[in-house]
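Chemist: Attaching a single structure in structure tokens format; questions to follow.
Read the figures in this text as sums done on the coordinates, not as results from a lab. Keep in mind it's a predicted model, so treat the numbers as computed, not measured. Cβ atoms come from the backbone with ideal geometry, glycine included; neighbour counts cover every protein chain shown.
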Amino acid sequence: MKNSLTTDDPEPRQKGESANQDIDWKDFRDHLATADQQGHRMWLYPKKPKGRIYNFRTWFSYLLLVILFTGPFIRINGNPLLLFNIVERKFSIFGQIFWPQDTFLFALGMLIWIISIVVFTAVFGRVWCGWACPQTLLMEMVFRKIEYWIDGDSLEQKKLSKAPWTGGKIAKRVAKYSVFFGLSFVIGNTLLAYVIGTENLYAIITDNPLNHTQGLAAMVIFTLIFFAIFARFREQACTFICPYGRFQSTLLDENTIVVAYDHKRGESRQRLNRNQSESERQEKGVGDCVDCNQCVAVCPTGIDIRNGTQMECVNCAACIDACNGVMSKLKRPLGLVRYASLNGIEKGLPLKVTPRIIGYSVVLTALVTAFFTLLLTRSDVETSLLRAPGTLFQTTPDGRVTNLYLLKLTNKTSHDIPVDLRLMGMEGGSIRVMGGDIIVKAGSLAESSVLVELGPDLMDGKKTRIEVGVFSGEEELERVRTVFVGPQGKVP
Ligand code: SF4
Ligand code: SF4
């Protein structure tokens, strides 16, 4: 069989040598792929990936990036699609506003998110990292593509790096880092919009800068941090900083689907020998891997997937595409590197639902049910009606008794709500808001004093339980219960 495999990898490599850098793979678990024996950083020049998965990932990433960049700007019922205003402790998820009073709901939402990641990781490995994490999306689908566009592919990048500082090199560096800086500014501002809201961001941009020194400082700091991450720090954000990659070893097992090399089919690996027939190859027990290192050349974290699942692997699937490209040129079956579990590769077992996955799923289902029950039964207005501290009761000349209460109303919506209170099931009793009608401003807290008056026939000894309806027009928003205090025994 005549093969048409070619490689445009710049330097001839020895067996087990990385296309990205020189690594002694024998001790690959003892140090990061991007650090040499002395611990010095080794700069990666991953080759531009191409293939079906990469194309699909590109379009999927663009969709997620659109959501990421427009999240704080899109409005649902007047609320941002996404907002994480930790300054005012106000959060909006899919237009649902969460206030400090909803801490429980928000904490439940966070718990669901974490457990979803745990369940997903147990079943599908680090699919989040490769497909949805903003760091990967921005690094691989935005900054890296710009770098390929300005500096060229891996080989050109290496050459440019070693080249003297000519006018051309300076122009490329200025162009690249200017675009990087501009993008970092946009990302920094988007993050700021998530944190303080678009209205506050707009005020910082258009108002007198002296009135917004803190906001402007945050803008500059965010921009510089993102520029440093995407221009220099890069894959180290995943391998050094992000805790997810580090605790994945506790979540993965032999049934987890990961990006994996089929060692049973690939080994023993051997460089492509064009003079060897297919039957000769099989007789000698030579595997399908031709040790071309294309899977290593494209890896953005510089690892060799043939060494097994590693902490640095972000499951970007670039190595799958690279190997499939090689296999298709060699007319061998695709999928030497593929999404598979260890049991799938070694025993040919399909995806297995383990007791651990069932356990996680049960907990997740219970939490999701509780979350939506709380969310759907949550009222637009949260009311607190407590007896005024230091007060007991007063008796009017006609023998009726009054209690004074403190009323707090939180409007969780983005529109003003007029509110009135009604005493429920107590004909003859009255409730009066001191200072007249209440209009609770959007997203605000309103406070007032409330006087409740009951006749002796309505009271039940020293403590009488009463119910107060919170109405907006004829719509009952909420019903609160409290205690009405009277004299011991029946009022004469
Ligand atoms: S080993 Fe493959 S899937 Fe993992 S980071 Fe490298 S290229 Fe991506
Ligand atoms: S696994 Fe595939 S891409 Fe990687 S060295 Fe072997 S043949 Fe080449």
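Chemist: Quick one: divide the alpha-carbon radius of gyration of the chain by 2.2 N^0.38 Å and tell me what you get.
Modeler: In units of the globular-protein estimate, the chain measures up at 1.39.
Chemist: Label points 7 Å out from Cα along the Cβ direction at Arg52 and Arg75: separation in nm?
Modeler: With each label point 7 Å from Cα toward Cβ, the separation is 4.5 nm.
Chemist: What FRET efficiency would be calculated for the residue pair Val220, Val87, taking the C-beta separation as r and a Förster radius of 22 Å, to the nearest 0.05? Working shown, then result.
Modeler: Working: r = 18 Å, r/R0 = 0.80.
It comes out at approximately 0.80.
Chemist: Still on this structure: For region 381-485, what's the relative contact order in percent, using C-alpha pairs closer than 8 Å and at least 6 residues apart? Working shown, then result.
Modeler: Numbers: 241 pairs, mean separation 31.8, N = 105.
Relative CO of region 381-485 lands at 30 percent.
Chemist: OK, next. Counting helices only, and only those DSSP H runs with n ≥ 4, report the 222 nm mean residue ellipticity of the chain as the sum of -39,500 (n - 2.57) divided by its residues, in deg cm²/dmol to the nearest 500.
Modeler: -11500 deg cm²/dmol
Chemist: Stick to Cα atoms and the Kirkwood definition of Rh, then tell me Rg/Rh for region 148-202.
Modeler: Rg/Rh for region 148-202 comes to 1.24.
Chemist: Okay, moving on. In straight Cα distance, which lysines are under 26 Å from Lys463, not counting same-chain residues fewer than 8 positions off?
Modeler: Candidates past the 8-residue exclusion: Lys408, Lys490.
Chemist: Which cysteines in the chain lack any other cysteine whose Cβ sits under 4.7 Å from their own Cβ?
Modeler: Singleton cysteines: Cys129, Cys133, Cys238, Cys242, Cys289, Cys292, Cys299, Cys313, Cys316, Cys323.
Chemist: Among Leu386, Ile466, Leu409, whose Cα lies farthest out toward the positive end of the dipole of region 381-485, if unit charges sit on the beta carbon of Lys, Arg (+1) and Asp, Glu (-1)?
Modeler: In region 381-485, that residue is Leu386.
Chemist: With each label point set 7 Å from Cα along the Cα-Cβ vector, what nm distance links Ile146 and Ala163?
Modeler: Result: 2.0 nm between the two label points.
Chemist: Give me the distance in nm between label points sitting 7 Å out from Cα along the Cα-to-Cβ direction at Tyr177 and Leu210, one decimal.
Modeler: Result for the modelled spin labels: 3.4 nm.
Chemist: Right, here's the next one. Summing +1 for each Lys or Arg and -1 for each Asp or Glu, what net charge is found among the other residues whose Cβ lies under 13 Å from the Cβ of Asn343?
Modeler: -1
Chemist: Figure the gain on full extension for Phe240 and Glu156 (residue separation times 0.36 nm, minus the Cα-Cα span) and round it to one decimal in nm.
Modeler: 27.5 nm
Chemist: Just subtract the alpha-carbon distance of Leu375 and Asp253 from 0.36 nm times their residue separation and send over the number in nm, one decimal.
Modeler: Answer, rounded to one decimal: 40.4 nm.
Chemist: Next question, about the same structure. Take each uninterrupted DSSP H stretch in the chain, measure its Cα extent along the helix axis, and return the ones at 20 Å or beyond whose mean Kyte-Doolittle hydropathy is at least 0.0.
Modeler: On the way: long enough: 52-70 (27 Å, 0.98); 103-124 (30 Å, 2.51); 167-196 (43 Å, 0.98); 213-228 (22 Å, 1.95); 355-376 (31 Å, 1.78).
For the chain, where a helix must reach 20 Å along its axis and average at least 0.0, the hits are 52-70, 103-124, 167-196, 213-228, 355-376.
Chemist: Net charge around Ile225, counting only other residues with Cβ within less than 14 Å of its Cβ (Lys, Arg = +1; Asp, Glu = -1)? Walk me through the numbers on the way to the answer.
Modeler: Details: positive: Arg232, Arg234; negative: none.
Around Ile225, the surrounding residues sum to +2.
Chemist: Using only Cα atoms, locate the centre of region 295-326 and the centre of region 411-452, then give the distance between them in Å, rounded to an integer.
Modeler: Comparing the Cα centres of region 295-326 and region 411-452, I get a distance of 62 Å.
Chemist: Arranged from highest to lowest average of other beta-carbon atoms within 10 Å per residue, in what order do the peptides 163-169, 287-293, 142-148, 456-462 appear? Numbers along the way, then the final one.
Modeler: Values: 163-169: 9.4, 287-293: 21.9, 142-148: 17.4, 456-462: 14.6.
My ranking of the peptides, most packed first, is 287-293, 142-148, 456-462, 163-169.
Chemist: Listing Leu407, Leu111 from the residue with the fewest other Cβ atoms within 10 Å to the one with the most, what is the order?
Modeler: Leu111, Leu407
Chemist: FRET efficiency for Ala35 and Glu447, Cβ-Cβ distance as r, R0 = 56 Å, nearest 0.05?
Modeler: Efficiency for this residue pair is about 0.45.
Chemist: In addition: Sort largest first and round to whole Å: the equivalent ellipsoid semi-axes of region 168-283, each the square root of five times a Cα gyration tensor eigenvalue. Before the final figure, lay out each step's value.
Modeler: On the way: eigenvalues 487, 102, 24 Å².
Over the Cα atoms of region 168-283, the ellipsoid semi-axes are 49, 23, 11 Å.
Chemist: Of all alpha-carbon pairs in region 381-485, indicate the percentage at a distance above 21 angstrom.
Modeler: 33
Chemist: Another question about this same structure. Amide H to amide H under 5 Å from Arg387: which residues, 5+ apart in sequence or cross-chain, H placed 1.01 Å off N in plane?
Modeler: Residues meeting the amide H criterion: Leu406.
Chemist: Which order results if His415, His212 are arranged by neighbouring Cβ count within 10 Å, fewest first? Could the numbers behind the result be given before it?
Modeler: Numbers: His415 12, His212 18.
Placing the least packed residue first, the sequence is His415, His212.
Chemist: OK, next. Could you grab the relative contact order for the chain? Cα pairs under 8 Å, six or more apart, rounded to a whole percent.
Modeler: It comes to 15 percent, rounded to a whole number.
Chemist: Check which residues have an amide H placed less than 5 Å from Glu478's amide H, if you skip close sequence neighbours.
Modeler: When sequence neighbours closer than 5 places are left aside, the close amide H contacts are Val470.
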